[in-house]
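Enquirer: This structure is in C-alpha cells; I'll ask about it shortly.
The values are calculated or read from the model by the stated rules, or taken from the named source; none is laboratory data. Being a predicted model, the structure only gives us computed values, none of them experimental. Every residue, glycine among them, receives a Cβ derived from its backbone with ideal geometry; neighbour counts consider all protein chains shown. Side chains are part of the model used for accessible areas, which takes the heavy atoms of the whole protein and leaves out ligands, DNA and RNA. Shrake-Rupley method; radii C 1.70, N 1.55, O 1.52, S 1.80 Å.
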Amino acid sequence: MPATPLERVFYAEDDEDIQRIVRMSLERIGKMTVKVESDPLKAIEGIKAFKPDLVMLDWMMPGMDGPTVLKTMRQQPETASYPVVFITAKATQKDHAELLALGAAGIVSKPFSPKDLPEQLRAIWAGLP
Amino acid sequence: MRGKMEPLPPTSPDPARDRSDRSRVLADQVELLYRQAPVGIVVTLAIGTVLSVELHSSAKIGGWVIFWAMLMVFMCLAFTGLVFAYRHARNRDTAPDSWLRRFAIGAFAAGVTWGFAGAVFFPGHTDEQQVFLAFVLAGMAAGGLPLFSAVWWVYALYAIGVMFPLEVVLLTFGSRLFTELSFMMPIFFAINVAVAYRLNMVFVSGYRLRVSYGRLTEDYTEINQRLERQLIELEEVRRQVEASGRKLALFAERAPIAVIELDTEGRIHEVNREAENLFGYPAAELIEKRASIKILVRPANHEEFDRGWQNLLKTHESLAGLKISNPRRDGIEVVCEWTVTPLVNSEGSVISIIAQGRDITQQLEADRLKQEFTSTLSHELRTPLTSIIGSLQLVNSGVLGELNADQAELTEVAERNGQRLLDLINDILDIEKIESGKLTLFPEPMPMDELMSESVKLNQGFADRYEVKLVTEGVRNIVVNADRKRLLQVMTNLISNAAKFSPAGGSVEIGMEEKSGRVKVSVGDRGAGIPESFRNRIFGRFAQADSADTRAKGGTGLGLAICKRLIELMDGTIGFDGREGGGTVFWFELPVHAPKT
C-alpha cells in the first residue's frame, strides 16, 4: 500500500460526457484532483506534465487505444512506473486477462457507478505495493 | 439385385446317371427283341405248318404230329399275347428286366418246341424226312440269330432248346453218321452263340451311342433353357439398376446443392445443374480434365487441398462441414460448405468421390452482420447509457446539491429505467451468446460459502429497497467447479426475484444442502407463488407471469431463461417448488467438485 493517499488522477477518454461524469465523481465524491485528456496522442505529454498518482485509460480511443498508450508509457522512463487502471466496456474475462498481462493495476467496467467509482479506485490503490 | 444364378449342370459323369443310361440301353435291347418277335411267330407258323403236313402224311405216329402242331400253334398264340402285352405295357422303359425275363422264357419255350419236334419225329421217319427235319432245325437255330441276338443269352437259351433234344437223340441213335453229326452240333451251337454275342455287342454300343447323344441333346437343351432364364434375370436386374440410377441422377440433377462426382485424381466426371449455376462454369469446362477440381480451389489453397485429398484417399473417411472459399468463373469467391464422401467398393478401393456443396456465403454474411449488430448494441448502446445512468446517479447522490421532492422523484424514475434498459441489453446479449454457442465459461473450483456471502453482499442494497431480509442457512464449505461470475449472476437473479416478490418485512431464505455428490442451493420467498398457468414457461424467454409486473417490479423477463442455460452449461439442473404456507423455492443443483488426485 502506497504511503500517500490517492489524490491526483490523470484520465484519457475521448467521450466528453463520460469525462465529465468521471471528473465530477472523483472531484465531488472522491475529493481528488483530476486532469482529463481527450486526445490519446497527447496523453504521454499530459502525464509527464501533470505527474498524477494514478492513470486511468479508456480502451477504445481514436488514434491510439489504451493498451498502446500503456505500452508507450512503459517504454519511457518518466512514465514507466505509473499505476494504470483501465475503464472499459469490454467485459469478457479474456479481455481483462489481456489487460492485466500488459501490467494494468486494475479494471473498472463500464457502465460504472459514479457513486462507487472513487471507492473502487481507492481499493485498487490500496492493493498496490 | 435378386438371387444368385443357378449353376450350370456338371460335366463329369455321375454314377446314378450311368445306371440309368445302362437301363435305357437294356430297354432298347428288349424293345428290339419284341419288335422282331412277330416275324419269328409268322415264320414259325409257316414252317411248322409245312413240317406238320409233310410228317403227318407219312407218319406212323400221326397222333404225335397233331399234338406237336397244336403245341406249336399254342406257343405262337402265347408269344403273340406276350408281344401284345408288351406293346401296351406302361413299364416297358422302367422295368426292362422283367420283360426280358418273360421274353427269355418265351424264346426258350419256342426253342424247346422245335427241339421236341427233332427229338420225337427224327427216329421214326425215313432218311429223306430226317434230312428235311435236320435242315429245318438247323435253319430254325440259325434263323433265331437275327431275332434274338439283341441279347445274346436269350439266343443261347433258344438254341439250347432247339438243339439239345436232337443232340441227345443223335448220340443215342447208334448210327456212325449221326454220332459224327452229334459231335458237330455243339460246334455249330458255339459258333452261333458267338455270332449272337458279337451282334449283341454291336447293338449295345449302337444303343449306347444313341443314349449318349440323347443325353447330350437333353443337357444342351437344359443349358439353353437355363441360360435363357439367366438372361431374362440379368435383363430384369439391368432394368432395376438403370431405374435406380435414373432416380439417383434425378436427385442429384434437381438438388438445390452442387453435386460433383470425381475420380481419385481429382478429375471431375459429372456435375449437376446447381454446380454449373453456382460456379458459373458450363459442365464441359469442368469435366474430364486432369485434376479439374482445382479450378474450383483458390491457387493459394492448392497445397492444403492436396494434403486433405491424400488424407481422404488414405482414410476413406467422409468429410462434412468443410468450409472452402471457391472462386467462380467470374472471379468472385463463394464460400461453400462441403460434404465429401468416397465411394469404396467391396475390395476396399475408392471408385469415385462425391462432393456436395452448399453456398453459405449469404449465411456467413448474415452471421457476420448479426455479430456486428450484437457488438454495436453492446458498445454503442452501453456508452450513452453509461453517461445517462452516471449523470443521474451523481444527481441523485446529492453531492451536487439537494433537489426538491418532485425533481428527486423524476430523476430516480429516470435512473431506474436507465438501469432497466441496461439490464435488458445485457440480458439480450447473454441470451444471444448462449444460444449461438459463443458463451465461454471459465470454471474454477469455487467454495460455496464464499459464493453465498458474496451474493448476499451484492444483493443487500436491492433487498433493502424492498424491505426484505436476506437469511442464509446450512452454509458449509463445499467446493463446486463453476464459473464464478456466471454463478453469481444466477444467484443475483434468484435473490433479486425473491426479494421483488416478497412482502415488505418478509425474508428471503437462502439454503444449501449436499446430497449424493451434488450441492443444492435454494432461494425461498413468501410471495404469492407462481400461477399454475405460468409454471411450464417460467424458464422461457421474456417470461413474466403478469405483464403488469414488468412495470411494477422491473426485470426483463430473461433472467430465469439465462439462469437455466447457465446452470445447464455448468452440468447442473434448475427448478422450483411451491412452499407450504405460501411462496416459492427456486433451486439449482451442481456436481460437487472432485479434486484430481
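Enquirer: Let me confirm something: among B:GLU236, B:GLU222, which residue is over 30 Å from B:VAL25 (Cβ atoms) and modelled with pLDDT of 85 or more? Talk me through it step by step, then tell me what you get.
Expert: Working: B:GLU222 fails: over 30 Å from B:VAL25 (Cβ atoms).
Being over 30 Å from B:VAL25 (Cβ atoms) and modelled with pLDDT of 85 or more holds for just one of B:GLU236, B:GLU222, which is B:GLU236.
Enquirer: Is there any pair with a first residue in region B:22-33 that is closer than 11 Å to B:VAL211 by Cα and a second that is part of a helix (DSSP H, G or I) and charged (D, E, K, R) whose Cβ atoms are under 6 Å apart and which are 6 or more apart or on different chains, and what are they?
Expert: Correct list of pairs: B:VAL25/B:ARG208.
Enquirer: Please specify each residue of region B:351-375 satisfying the condition of being open to solvent by 30 Å² or more (accessible area, probe 1.4 Å) and farther than 19 Å from B:LEU439 by Cβ. It would help to see each step written out before you state the result.
Expert: Applying the first criterion (open to solvent by 30 Å² or more (accessible area, probe 1.4 Å)) to region B:351-375 yields B:351, B:354, B:356, B:358-359, B:361-373, B:375.
Hits for region B:351-375 are B:ILE351, B:ILE354, B:GLN356, B:ARG358, B:ASP359, B:THR361, B:GLN362, B:GLN363, B:LEU364, B:GLU365, B:ALA366, B:LEU369.
Enquirer: Could you please let me know if B:VAL39 is hydrophobic (A, V, I, L, M, F, W, C) and open to solvent by less than 70 Å² (accessible area, probe 1.4 Å)?
Expert: Values: hydrophobic (A, V, I, L, M, F, W, C): yes; open to solvent by less than 70 Å² (accessible area, probe 1.4 Å): no.
The answer is no for B:VAL39.
Enquirer: So, of the residues in region A:8-29 that are open to solvent by less than 70 Å² (accessible area, probe 1.4 Å) and over 22 Å from A:ALA89 (Cα atoms), which turns out to be farthest from the other protein chains (Cβ to nearest Cβ)?
Expert: A:GLU27
Enquirer: Look at B:ASP423 and say whether it is crowded, with 18+ Cβ neighbours inside 10 Å, part of a helix (DSSP H, G or I) and more than 8 Å from every other protein chain (Cβ to nearest Cβ).
Expert: On the way: crowded, with 18+ Cβ neighbours inside 10 Å: no; part of a helix (DSSP H, G or I): yes; more than 8 Å from every other protein chain (Cβ to nearest Cβ): yes.
When the stated conditions are applied, B:ASP423 does not pass them.
Enquirer: Moving to a separate point now. Would you please list the contacts, defined by Cβ atoms under 7 Å and residues six or more apart or on different chains, that run from a residue in region B:113-134 that is more than 16 Å from B:ILE47 (Cα to Cα) to a residue that is open to solvent by 60 Å² or more (accessible area, probe 1.4 Å)?
Expert: Here the result reads B:ALA119/B:VAL168; B:VAL120/B:TRP64; B:PRO123/B:PHE173; B:GLY124/B:LYS60, each pair linking region B:113-134 to a residue that is open to solvent by 60 Å² or more (accessible area, probe 1.4 Å).
Enquirer: If I ask for residues that are in a strand (DSSP E or B) and buried (at least 19 other Cβ atoms within 10 Å of the Cβ), which ones from region B:457-484 would you list? Break it down into steps so the answer makes sense when it comes.
Expert: Initially, region B:457-484 is screened for residues in a strand (DSSP E or B), giving B:469-473, B:479-483.
The answer is B:LEU470, B:VAL480, B:ALA482, B:ASP483.
Enquirer: Next question, about the same structure. Pairs only if they're at least six apart or on different chains, beta carbon under 6 angstrom, first in region B:471-493 and within 14 Å of another protein chain (Cβ to nearest Cβ), second open to solvent by less than 40 Å² (accessible area, probe 1.4 Å) and polar (S, T, N, Q); list them, first residue then second.
Expert: Going by the 6 Å Cβ cut-off, the qualifying pairs are B:LEU488/B:SER455.
Yes/no per residue for (1) among the charged types (D, E, K, R); (2) away from chain A (no Cβ under 14 Å):
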{"site": "B:GLY348", "(1), (2)": "no, yes"}
{"site": "B:ILE353", "(1), (2)": "no, yes"}
{"site": "B:GLN363", "(1), (2)": "no, yes"}
{"site": "B:THR376", "(1), (2)": "no, no"}
{"site": "B:GLU380", "(1), (2)": "yes, no"}
{"site": "B:THR383", "(1), (2)": "no, no"}
{"site": "B:THR386", "(1), (2)": "no, no"}
{"site": "B:GLY398", "(1), (2)": "no, no"}
{"site": "B:ASP406", "(1), (2)": "yes, yes"}
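Enquirer: So if I check each of A:ALA49, A:ALA80, A:ALA97, A:ALA101, which one is open to solvent by 20 Å² or more (accessible area, probe 1.4 Å), within 14 Å of chain B (Cβ to nearest Cβ) and over 18 Å from B:ARG382 (Cβ atoms)? If you could, list the steps in order and put the result at the bottom.
Expert: Values: A:ALA49 fails: within 14 Å of chain B (Cβ to nearest Cβ); A:ALA80 fails: within 14 Å of chain B (Cβ to nearest Cβ); A:ALA101 fails: within 14 Å of chain B (Cβ to nearest Cβ).
Step by step, each of A:ALA49, A:ALA80, A:ALA97, A:ALA101 is checked, and only A:ALA97 is open to solvent by 20 Å² or more (accessible area, probe 1.4 Å), within 14 Å of chain B (Cβ to nearest Cβ) and over 18 Å from B:ARG382 (Cβ atoms).
Enquirer: B:PRO384 - would you say it is under 60 Å from the mean Cα position of the chain (by Cα), surrounded by 13 or more Cβ atoms within 10 Å (Cβ to Cβ) and modelled with pLDDT of 85 or more?
Expert: On the way: under 60 Å from the mean Cα position of the chain (by Cα): no; surrounded by 13 or more Cβ atoms within 10 Å (Cβ to Cβ): yes; modelled with pLDDT of 85 or more: yes.
Taking the combined requirement at face value, the residue does not satisfy it.
Enquirer: Looking at (1) surrounded by 14 or more Cβ atoms within 10 Å (Cβ to Cβ); (2) under 30 Å from B:LEU566 (Cβ atoms); (3) more than 10 Å from every other protein chain (Cβ to nearest Cβ), which is the one condition that is false for B:LEU429?
Expert: (3)
Enquirer: Here's something else I'd like to know. Which condition breaks for B:ALA89 when tested against (1) over 60 Å from the mean Cα position of the chain (by Cα); (2) more than 17 Å from B:ILE105 (Cα to Cα); (3) of a type in the set (A, V, I, L, M)?
Expert: (1) is the only condition that B:ALA89 fails.
Enquirer: Which one of these does A:ILE44 not meet: (1) open to solvent by less than 40 Å² (accessible area, probe 1.4 Å); (2) more than 10 Å from chain B (Cβ to nearest Cβ); (3) under 19 Å from A:PHE112 (Cα atoms)?
Expert: Going through the list (1) open to solvent by less than 40 Å² (accessible area, probe 1.4 Å); (2) more than 10 Å from chain B (Cβ to nearest Cβ); (3) under 19 Å from A:PHE112 (Cα atoms), A:ILE44 breaks only (3).
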